[in-house]
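The values are calculated or read from the model by the stated rules, or taken from the named source; none is laboratory data. Remember, predicted model here, so these are calculated numbers, not experimental data. Because the Cβ atoms are built from the backbone with ideal geometry, glycine has one as well, and the counts that use them run over all protein chains shown. These accessible areas exclude ligands, DNA and RNA; they are computed on the full protein's heavy atoms, side chains included. Shrake-Rupley method; radii C 1.70, N 1.55, O 1.52, S 1.80 Å.
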Amino acid sequence: MNVKKIVFLLALVSIGWSCNNDDDNNPDAVPPLLLSEVAVTDDAAIMEYLETHFYNYEDFESPEGDFDFKIVIDTIAGANASKIPLSMQVQSATISISSAAQFGLDEEETVNHKYYYLIARQGVGSSPSVADSTFVRYEGSLLNGTSFDSSLNTPVWFDLSQIQAPLGGARGFTEGMVNFNGGGEPIINPDGTFEVEDYGIGMIIFPSGLGFFNAIRASIPQYSPLIFTIDLFTFEQTDHDDDGIPSILEDLDGDGYMYNDNTDEQQEIDNGIIARFPNFLDLDDDGDGIATRDEISDEEGNIIFPYPDTDGDGTPDYLDSDS
C-alpha cells in the first residue's frame with residue numbers, strides 16, 4: 001500500500017486541542033512565574049529531549065512499500081545507542097514574546113523564545129503564512145511522551161491566526177507551520193472526498209512561552225513545552241474580514257503576529273470600545289467610517305492594486321483616516 005497518498009473527507013473542526021482552561025477550578029494552579037525564568041528552564045528541557053531522542057529517519061530515507069510515513073520518536077539507548085539525535089536534525093527560529101500582550105501578565109517583559117522544527121519529508125506544494133487556514137493531521141504531546149490530543153484518524157482545518165491569539169493561543173504551532181510545505185494539487189473524487197499526494201511531514205517543539213504558559217489545559221500542565229507531529233496536506237489563503245485584503249497583508253509590521261496591527265486602536269480606546277479589532281478582523285481599518293473594501297475598490301467593485309493613496313502621503317487610503 002502506498003500511503004504517500006491519503007484520502008479523506010472534507011472537515012472543519014474548531015481549535016482547542018480538546019482542552020479547556022481549568023485554572024479557576026484547579027487548587028494546584030500557582031501564580032505566574034516570570035516569562036524570562038521559564039524560558040530558560042524550558043529551553044534546557046527541550047535541548048535535553050532533543051539530545052536524547054531520535055526519530056525513524058532511516059525509514060524516511062529508504063521507505064519500504066508498507067511504510068506509513070509516520071514520525072516515530074524513541075529514546076537513544078540500548079540497541080538505539082548509535083542513532084542520530086534530534087538535536088542534529090532539527091532547525092530553529094526565535095520569536096520575541098511580550099508577557100503582557102501574549103499572556104496578560106503584570107510583569108512586563110519581552111523575551112526571546114526559540115522553537116525547533118524537523119522536516120521529515122518536504123512537501124511538493126508551497127508553505128502557508130501565519131494567517132492562513134491549514135488542513136492537517138497532527139498529534140500533540142508533552143516531553144514525557146503523554147499525548148494530549150490528536151487528529152490521526154480525521155484531518156482537520158486549523159486557522160493559524162486563531163491559534164496564535166493572545167491569552168490562550170499557542171503561537172509556536174502557528175509559527176512552526178510556516179516551515180512546512182503542503183502536498184500536490186488536491187484531486188477531487190466523485191464521492192466528495194479528495195486526495196493529496198507528497199504532503200509535508202514534520203514536527204514542531206516549542207517552549208511554554210510559545211504555548212499556554214501558566215494556563216492549565218486539561219491534560220497539559222502549567223509551563224509545559226509542547227511537541228506536535230504534523231502532516232500538512234493543503235492550505236487556503238484567508239481574508240478573515242472579507243475586506244478585499246488578504247489577511248497576511250494586514251500584518252503591517254511583518255512580525256508574523258496578527259494581533260498587534262490595529263491602525264485605529266487609539267480611536268477604539270477613545271470611544272470606549274472594549275472589544276478591539278486588529279486590522280485583519282476590522283471592516284474599517286482606519287476608523288474613518290468608510291469600509292476598507294470601499295477604499296480599495298473602483299466603482300464596479302474591483303480591487304485596485306496598488307491600493308489607492310489619494311493624498312500621496314505614502315499611506316494608502318484604507319489606513320489613512322484623513323485621506
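Tabulated data
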| quantity | calculated |
| --- | --- |
| Lone unmet requirement of (1) among the aliphatic types (A, V, I, L, M); (2) over 24 Å from residue 49 (Cα atoms); (3) crowded, with 18+ Cβ neighbours inside 10 Å for residue 187 | (3) |
| Matching residues in region 227-283 - criterion: being acidic (Asp, Glu), in a loop (DSSP other than H, G, I, E, B) and surrounded by 15 or more Cβ atoms within 10 Å (Cβ to Cβ) | 239, 241, 243, 251, 261, 264, 282 |
| Scope region 290-299; condition open to solvent by 60 Å² or more (accessible area, probe 1.4 Å), at pLDDT 95 or above and assigned to a loop (DSSP other than H, G, I, E, B); matching residues | 290 |
| Index of the failed condition, residue 191 passing every other in (1) modelled with pLDDT under 95; (2) among the acidic types (Asp, Glu); (3) outside any loop (DSSP other than H, G, I, E, B) | (3) |
| Verdict on residue 161 being within 17 Å of the chain's Cα centre (by Cα), in a strand (DSSP E or B) and closer than 24 Å to residue 213 by Cβ | no |
| Identity of the residue in region 135-168, in contact with a helix residue (DSSP H, G or I) (Cβ under 6 Å, 6 or more places away or on another chain) and over 18 Å from residue 42 (Cα atoms), that ends up most open to solvent (accessible area, probe 1.4 Å) | 166 |
| Of residues in region 29-45 being in contact with an Asp or Glu (Cβ under 8 Å, 6 or more places away or on another chain) and open to solvent by less than 60 Å² (accessible area, probe 1.4 Å), the one farthest from residue 110 (Cα to Cα) | 29 |
| Where a residue in region 240-260 is free of Cβ contacts under 8 Å to residues at least 24 places away in the same chain and its partner, wherever it lies, is in a helix (DSSP H, G or I) and open to solvent by 60 Å² or more (accessible area, probe 1.4 Å), with Cβ under 8 Å and at least six apart | 253/260 |
| Residue list for region 46-60, filter: part of a strand (DSSP E or B) and open to solvent by 30 Å² or more (accessible area, probe 1.4 Å) | 53 |
| Candidates 153, 112, 144, filtered to the one that is within 16 Å of residue 208 (Cβ to Cβ) and free of Cβ contacts under 8 Å to residues at least 24 places away in the same chain | 144 |
